[in-house]
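This report concerns only the one structure given below.
Rule-based calculations on the coordinates, nothing more; no lab input. The structure displayed is predicted, hence computed values, not measured ones. So basically every Cβ, Gly included, is an ideal-geometry build from the backbone, and we count neighbours across all protein chains shown.
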Amino acid sequence: MNGHIIVFISVAFTYCTTINGWAWQCNAENGYCTRILSPSVDEPEHPSLAVCKLLCGQPSYLNVWPYPTGKIASEKNLVMVDPQHITFELDGSTTTKNFLQEVVDYFQENLSRDNSNCICQDYYPLVVSLDALSDDLSLTLDTDEFYSLKLNTSDKRIRVEIVGNTIFGVRHGIETLLQLLVPYQNADSACLATLKNVQVTDKPVYRHRALLLDSARNFLSVNTIKKNINAMAASKLNVLHWHVTDSQSFPLELPSLPNMTKCGAYDKDRIYSPKDIEELVTYAKIRGVRILLEIDGPSHVGNGWQWGNEAGLGNLTVCTNQQPWRSFCIQPPCGQLNPANPNIYKVLGQLYGDISNMFPNIGMFHMGGDEVFIPCWNSSKEILDYIKGKPTTEETFLDLWGEFQNKSLRAYDAAVGNDKTSIVVWTSHLTDPNVIQKYLPKERYIIQTWVPDTNQDLITSLLNLGYKIIISTKDKWYLDHGFWGSTLYYNWRTVYNNKMYSQYHKSILGGEVCMWGELVDDSNVESRVWPRAAAAAERLWTNPSTTAGAAEGRFFSHRERLISRGLKTEAVVPQWCVQNEGECSSYL
Amino acid sequence: MRYEVKRDRILSIMRPVALFLLLTLFVYVVYAADVTELLTGSIHFIDNQSGDSEISSTTHTCEDKCSPKETDTNEISNIISLKTCIMLCGDLPIWPKPMNINVKDKDVSTFSKNRIGIKLNAPVNVRGDLKKATDIFMKNLPVSDEFWIDEDDSVLFNIYINVIDIDNVLRLSTNEEYALSVKKVEDHIDVELSAPTYFGARNGLETLIQLIWSDTTSNKLHIIHDVEIKDKPKFAHRGVMVDTARNYFYIEQLRKVVDGMAATKLNVLHLHLTDASSFPVVLPRNTLFAKYGAYDPEMVYSPENVKDLVEYARIRGIRVVLEIDGPSHVPPALNRAVEDLVVCGEDAVFNGHLNPENNKTFLVLEDIYKDLLDLGTDDEMFHIGGDEVNLTCWQQTVSNSPKQQLHHKAKHSTAQANMMKIWINFTNRMLDTVISAKQGDVPQHIVIWSSDLTDRYISQLDYKNVVVVQYWFGSINPIFANGNKVILSTVGRWYLDCGFGSWKSTNSRDNGVCDPYTTWHTFYKYRPWVDEFPTHKDQVLGGEACLWSEEVGADSLETRIWPRAAALAERLWSDPDVFNRTDVYVRLDIHRERLTMRGIRSEAIWPRWCSQNPWKC
């Protein structure tokens, strides 16, 4: 060792941890960790909860979130790692290696570190070998996320081999490794500890594991979005569904349609520039997250679209900002696209073109399609003239909506130059099983359901008709609920316990927790989303047959992990319950 | 109406700048008798930069309710910013709404931060406090410090502050009123702020700063004049309670709570310092309590921390009530320091109770109370907790207790009555203990939480004129009937923690104990002294918004409190008769932005579009 003198200095000037007599004890029977004051002589004691949680439990159990779905084996003895002595061996093509290097940087950024001058003594060097079997760098719904991780200690060396079918699988393996490295401090040394031997194979149950963020009701800064993506990566969520526009604002800057932000952004600081988008897309991809952009329409539009007349294109929208709003929409400000104006499809074509340039092809695009308010269209002379001759019945307006959807799809395909993109829409009158086939071919459309319960006839009917669906159970996974109207807040247990309708049904692509933005902005969005989104992450990755109670201690650990990575999270129990595992659920 | 902008009336004076603290004799002008709000006015000056954060050239007029409106003019002077429009078009967006506002004219002048002169006329010992308060005022002005120096083309801004009273300790009885006048005199702005006490003057400064705004890209400050405000709170006790025991908050975070309260004229920070789950306060006479009771050796409040916080709060017009709860809500960990002090907590930590049979119990309590009295400065009010005693605990542990089953609500259960006696006696001894801790001096107010005891046996408590009930649940009429004063913290109305589901159940369907979430509307609309017990209004000292912290941690402390505690603040300060929805929304949103600018995270109350289109949502 060449650090002998440095060690001496460090001992002379600083204690690496507060010596306070507290320790954590593992109860071998139930795998619970509890804080104790005077450790008994018989039982092994641990300097921190994280160390105890790493060691406690069966060899087939790991304190990892979300819980792996494949084989787990481990030897529950600690080995020490020095953060300065972790090296990586990268395999594959140059582009693969470049990507893996970015993931390694992510690993280094998120590795727990001691901030003092303490150094690690008596460590084993750690070598991590990363191997992606495929050189395919695209991240889509079909990306294989499987990985295997083998950690082996022998001859005073620790070797980790992470193999994935894709780089994104390898990334998940890196994430799991991060979770297996926890700070270990004593009086004169600050190391990371891990287990002596570990074997994991793992892959998700669902391919689409998403968080929806709404940056239109209230703007979210690029930094806030990044922090959410970072937490998604830590929880192996893989889709950021970005509801970027709505009737309130249009913050997405489009190079060929500068008027959209000029008329629609809240102010010049509340805009996502193409550079911001590029940065976010890359940031997300390194973290295994693809961005599913939603430009909602024909409803939920308004601000941003007011420039049509001035540009000689006519009214792009109707009812925009109209008052009294209750007559024209369900939430102010009002607005719907004007399907009577053929120019709308030219503008949409430009919009789609810009978006396909800014966002890489992930094979999916979200067109919204929810909550069309017929009285709005019904109030527009232009639209009534357009449908002249037809009765102003719901069917007529549904046909009009279907026509709009069809023309939008054609505009989209023309803009991207193929007809391969899956279009996602929310459930609506148009997706009613009785009419959906008339308007939305199942080969092109994925339906995002937001009905109250997973076990709903609508879902069954859509599946029977052959549609692929994404589930966003409104009364379990709507993170905005509980703060308006008669809605209730869903705590992490409810979010966790939202068992998927049928895990074997191939047509269920996955699910999303939705953070609608009326009452959240940079001030509170992180703690509103987290740690609850992590509960959904395990439901979607692992889909365990057990409920939240069985995951409690591991979930609390994951919350601490998110905090240590700089995320703002909500507390879910008094800290006493974290320090005395299992003792709060049994009381009363 | 439209505002006529007259550039020829731009006020510009070229004078050297001086910020001075001179003792000036100054007599305050009598208030205008006619208190009405004028709805017309004119803008005398618009800054010569674009002054707008909006992207296109938009202007705002009263007739469009300050919604952004495209303008074809290139005349910057014809553009009226959103903030300016809001200041001119509705009620003045002051929070909490003052008791009396007399807007004599709605003119706007601009000035620079470096042209503010402050003159103090106050007793010597108060002057130091006033200096601190004006420093805070200067720091909170809505303009960044980097633009401190700029061209001297704006008006001189004189603030004359007059305080009479020599006393600078904040008590329930402190007179917090103030009179503020802002007017243009020739070529400068004169602000006259008079108050009987330092705390009244501080309130006046918070109002004054709310009459000042800046247009985003400009470093110029704007003020509306001529305005006269005569203001005082309706209730003397206007608080926020924070539970530091279920989850711990660092002292810096508590200071930020104080900052938000100061901006909102709330005047009591009640710290529920300890509970069954932790004991984070280091008490000099019993340091082991924190050693064994804190979550972590770093998660403690040292005596210096508490004293600093108390002084930090005093300067901001806030007194700190330090509560160590008992006989229930006591951590069993204290037994490591004092043997057999706590019973029932070993198996179920949240059931820890002080042991009524240990003769050390009251000696320990006296030491605790002495420490708290040393740490605080408020010698008029003392909180002893007293909520949620579980008599079954004492029944099982106290020798000679009746062993029949306790029927919680049974009126004629002898066992119940006997156990109640133990509780009543215990509480009376706690009251005696406070007095012995004060060397026989009976404090003006000793506060206990409402409970079964106050529901039915309050008449059996000693010191009737002293006992104040902090009412959260139960029967309030017996308390009134007994003549006690109350502090209102009604659950479902003024609880900040409700609505996040049950934290301890493994059954996720279980609601939390007080779901659903209480919105700011509910906080605002609660005025039981009008709607429920008008005849007992005089027994209401005020109220507190309570934040129990089972499901709130450091990251959400601020957003959980704000802006809802501000809704309570206005209810307790001026208690407006009507809930004028659109006015309240707009003013509260502006106050939210004010808090945000001061670095206090505050929850959104609507989409930002509604902030930019006031009175349209």
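Couple of notes before you dig in:
- For chain B: relative contact order, % (alpha-carbon pairs under 8 angstrom, 6 or more apart): 13 percent
- 0 to 90° range, to nearest 10: angle between helix A:548-564 axis and chain A longest Cα axis: 90 degrees
- Between region A:536-583 and region B:533-580, the alpha-carbon center distance in angstrom: 31 Å
- Euclidean distance of C-alpha centroids, region A:150-206 and region A:255-318, integer Å: 41 Å
- When the alpha carbon gyration tensor of region A:180-233 is reduced to an equivalent ellipsoid, the three semi-axes, largest first, read 35, 21, 5 Å.
- 18 Å tail of the calculated P(r), region B:98-231, as % of Cα pairs: 53 percent
- Mean residue ellipticity (222 nm) of the protein assembly as shown, computed from DSSP H runs ≥ 4 via -39,500 (n - 2.57), nearest 500: -9000 deg cm²/dmol
- Excluding exposed DSSP-loop trypsin sites (Lys or Arg not before Pro) (at most 10 other C-beta within 10 Å), longest clean stretch of chain A: A:157-387
- Annotation: amide H-H contacts under 5 Å for residue A:469 (H modelled 1.01 Å from N, sequence separation of 5 or more, or interchain): A:447, A:508, A:509.
- For chain A, A:263, A:514 stand unpaired, since no other cysteine beta carbon lies under 4.7 Å from theirs.
- Once backbone amide H atoms are built at 1.01 Å from N, residue B:270 has B:240, B:241, B:242, B:321 as its partners under 5 Å, excluding neighbours fewer than 5 places away on the same chain.
- For region A:495-538, convex hull of alpha carbons as volume per residue, Å³: 82 Å³
- Principal axis extents of the C-alpha atoms in region B:389-464 (largest first, rounded to whole Å): 41, 25, 15.
- Pairs of alpha carbons in region A:208-579 whose separation is greater than 25 Å (percent): 54 percent
- Between residue A:29 and residue B:119, the modelled label-to-label distance comes to 8.0 nm, taking each label 7 Å out from Cα in the direction of the beta carbon.
- Residues of region A:451-483 with amide N under 20 Å of the 7 Å Cα→Cβ point at residue A:434: A:451-452, A:456-467
- Amide H within-cut-off set for residue A:293, under 5 Å, with H built and near neighbours excluded: A:242, A:366
- DSSP bridge pairs, region A:176-321: antiparallel proportion in percent, nearest 5: 30 percent
- Counting, for every residue in B:273-279, the Cβ atoms of other protein chains within 10 Å of its Cβ and taking the mean gives 2.
- What the phi angles of region B:606-616 give under the Karplus curve with 6.51, -1.76 and 1.60, with θ = phi - 60°, is a coupling list of 5, x, 4, 3, 5, 5, 8, 10, x, 6, 10 Hz, glycine and proline written as x.
- Given R0 = 60 Å, the distance between the Cβ atoms of residue A:420 and residue B:131 translates into a calculated FRET efficiency of 0.25.
- Pairwise Cα separations in region A:260-334 fall into 10 Å bins from 0 onward with the following percentages, short to long: 17, 34, 31, 15, 3.
- Relative contact order computed over region A:208-579 (Cα-Cα under 8 Å; 6+ residues apart), in percent: 16 percent
- Scattering profile of region B:317-463 at q = 0.09, 0.15 Å⁻¹ [log10 I(q)/I(0), Debye over alpha-carbon scatterers]: -0.28, -0.78
- Counting DSSP beta bridges with both ends in region B:98-231, the antiparallel % (nearest 5): 60 percent
- Using a Förster distance of 51 Å, the FRET efficiency for residue A:273-residue A:460 (Cβ separation, nearest 0.05): 0.70
- Nearest 10 degrees, 0 to 90: helix A:532-541 Cα axis against chain A principal axis: 90 degrees
- Kirkwood Rh and Cα Rg combined as Rg over Rh, evaluated for region B:295-349: 1.11
- The length gained by stretching the chain between residue A:361 and residue A:186 to full extension, at 0.36 nm per residue less their Cα-Cα distance, is 58.0 nm.
- Note on region B:463-590: lysine pairs with Cα distance below 30 Å, sequence gap of 8 or more or different chains, count 5.
- Computed over chain B, Kirkwood Rh from alpha-carbon pairs, angstrom: 26.1 Å
- Cα-based radius of gyration for region A:5-202, normalised by 2.2 N^0.38 Å, reads 1.10.
- Karplus 3J(HN,Hα) series, Hz, for region A:362-371 with 6.51 cos²θ - 1.76 cosθ + 1.60 (x for Gly, Pro): 10, x, 9, 9, 10, 9, x, x, 9, 6
- Phi angles across region A:333-343 convert, under the Karplus curve 6.51 cos²θ - 1.76 cosθ + 1.60 with θ = phi - 60°, into 3J(HN,Hα) values of x, 7, x, 9, 5, 9, x, 7, 9, x, 5 Hz, Gly and Pro given as x.
- Global geometry of region B:541-617, whether rounded, prolate or oblate, following the gyration tensor of its Cα atoms and the 1.5 cut on a/c: oblate
- In terms of overall dimensions, region B:465-589 has a Cα radius of gyration and Dmax of 15.8, 46 angstrom.
- Convex hull volume per residue for the protein assembly as shown, taking Cα atoms only, in Å³: 202 Å³
- Fraction of beta bridges assigned by DSSP in the protein assembly as shown that are antiparallel (%, nearest 5): 40 percent
- Other protein chain C-beta atoms within 10 Å of residue C-beta, averaged over A:485-496: 5.
- Spread of Cα-to-Cα distances over 10 Å intervals beginning at zero, given as percent, for region A:64-178: 13, 43, 33, 10, 1
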